[in-house]
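Heads up, the thing below is written out as structure tokens.
The values are calculated or read from the model by the stated rules, or taken from the named source; none is laboratory data. It should be emphasised that the depicted structure is a prediction, and the values quoted were computed from it without experimental measurement. Cβ atoms come from the backbone with ideal geometry, glycine included; neighbour counts cover every protein chain shown.
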Amino acid sequence: MDGQLGWSFKEFLAGTQPLWKSFWLFYLPCMALGVGTTALILAFWGATEQGIQALVWLFTMPVSIGPPVVAISSLLPLTLALAAGSIGVWRCAPNASTKTTSTIARYVIVLIAAWTLLKITRAAYGLMHIW
């Protein structure tokens, strides 16, 4: 293997990895990276209580954290991470051990993506309207 992990970003997006790998080694790290990047941006721009409050309340209610540029720049990494992770799991779903597992994985990904995008849209809309 020459020090490599045995898989790459492209393999998940191409759907060549097993479903369990796609979820545990791709989707969850993508989401963690997206949330972490969003937290760093909010901490940088909000710098204090407002940035932390915006991160905590991001999925429940829109919060004023700054100008629209801050809103977009803070929500963009989370949106991109959600898209990449969801595409990877969706494409790898046929590689599940059973067809039922594959179908459930796709339904769960659609529900998570829809819920998260709804919350991101709601938060962005609230942030844009405040300013």
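Overview of results
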{"quantity": "Test: A84 is touching a Cys at 6+ places or on another chain (Cβ under 7 Å) and at pLDDT 90 or above", "calculated": "yes"}
{"quantity": "Identity of the residue in the range 64-81, under 13 Å from I120 (Cβ atoms) and not small (G, A, S), that ends up modelled with the highest pLDDT", "calculated": "L80"}
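Conditions (1) modelled with pLDDT of 80 or more; (2) assigned to a helix (DSSP H, G or I); (3) surrounded by 15 or more Cβ atoms within 10 Å (Cβ to Cβ), marked per residue:
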| residue | (1), (2), (3) |
| --- | --- |
| Q4 | no, no, no |
| W24 | yes, yes, no |
| L33 | yes, yes, yes |
| T38 | no, yes, yes |
| I41 | no, yes, yes |
| G51 | no, yes, yes |
| F59 | no, no, no |
| P62 | no, no, yes |
